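Derivation of every value follows stated rules applied to the coordinates shown; laboratory data play no part. Keep in mind the model is a prediction, meaning the values are calculated, not measured. Don't worry about glycine lacking a Cβ; one is built from the backbone with ideal geometry, like all the others, and counts go over all protein chains shown.
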Amino acid sequence: MNNKIPAYLYEKSNIIRLIFFTAIFALFFINIFQPFGSRNWYPDISPFKYFFFSSLIILIGMLVVVISRLIMLYYTRKHSINYWQYVFWVIIEILSMSMFYSLFSKFIPKEGMNRDFVEIFHNSTINTSLVILLPYSILWLYFSWREKNSLLQKMSTDEPAIELQKKSLLAFPDEKGELKISIVLENLLYIDSSDNYVTIHYLNKSKNLKFLLRNSLKWIDENLTIETPLVRCHRSFIVNLDKVKVLRKTKDGILLELDAINTPDIPVSKTFYEKVMAKFSQYSI
């Protein structure tokens, strides 16, 4: 209960929505269910006049919500509201509106003078709770859904840019974790291994270059191929699928031709065939 309420509950636009929705809900509620003994306020008038006068009364009562939410709007500019404070705030709104309807029911209609005020206030509090809590709950769910939907859309929009930024430059540390080289992903061709070393083949200024790194192909496979076009295709090779221009099936197996001069064909072993094909279908256009 000490947690802060979501900010969308006191955003200006949502406060306006809450006021209008609660007012409309209250109008339908009082005219359909006729609570507060409201039909006895004007027993001799037509249904149309009853609708007009009861609507006017309910809208006047809604001024409590308007004033309350305006105070909340200005208060939250400098302060936050906890859940227990928000619950207390709503209770004050209910009691204030109940008092207004009770006083009106007691002193305005002639029949009200003979009614017990405590009973009027009790019934008024129950009915006002329905008038307030039902639309508040509906709107809370709606605001929450809209906020989550907005965040999901934002994440789906921003995530590719974030991933691209993370994947655009790959860092290669040695077996001790010390950074030795960073290579732009689009320039990386393939990586092969020999004993306790790997050789990173890449392009720089249109030249094929290589860098010898003391590390294992297994470590690179486990740490750098996730969410990138890099895939391990052989016990001795990791290839950048973005650089593959031809996938060729021969009697000796699958070979990958790279879109770079003076590069060997990269073999695909049976062990990694399914993994390569799954990755290939993911990154191929």
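Annotations for the structure displayed:
- When shorter helices are ignored and each DSSP H run of at least 4 residues is given -39500 (n - 2.57), the per-residue value for the chain at 222 nm works out to -17500 deg cm²/dmol.
- Counted residue by residue at 0.36 nm each, then reduced by the alpha carbon distance between them, the extension gain from residue 24 to residue 196 reaches 54.5 nm.
- Amide hydrogen neighbours beyond the local backbone of residue 76, cut-off 5 Å, H modeled: none
- Point-to-point label distance, residue 74-residue 248, nm (Cα→Cβ direction, 7 Å offset): 7.9
- Cα-projected label distance for residue 99 with residue 273, points at 7 Å along beta-carbon direction, nm: 8.2
- The distance separating the Cα centre of region 181-195 from that of region 243-272 comes to 16 Å.
- Remark: relative contact order (the chain) = 12 percent; criterion is Cα-Cα distance under 8 angstrom and separation of 6 or more residues.
- Note that region 199-215 has calculated 3J(HN,Hα) couplings of 10, 9, 9, 8, 9, 8, 6, 6, 10, 7, 10, 9, 9, 8, 10, 7, 6 Hz, one per residue in order, obtained from phi through the Karplus relation 6.51 cos²θ - 1.76 cosθ + 1.60 (θ = phi - 60°); glycine and proline are x.
- All-pairs alpha carbon distance profile, the chain, 5 Å steps from 0, percent: 1, 5, 9, 11, 10, 7, 5, 4, 4, 4, 5, 5, 6, 5, 5, 5, 4, 3, 2, 1, 0
- ³J(HN,Hα) computed for each position of region 183-188 - Karplus, 6.51 cos²θ - 1.76 cosθ + 1.60, integer Hz, glycine/proline x: 10, 5, 4, 5, 9, 7
- The orientation-averaged shadow of the Cα convex hull for region 169-283, equal to a quarter of the hull surface, comes to 6.9 nm².
- Cross-linked pairs 218/251; 210/249; 4/106; 207/251; 12/49; 180/270: Cα-Cα separations exceed 30 Å for 4/106; 207/251; 12/49; 180/270.
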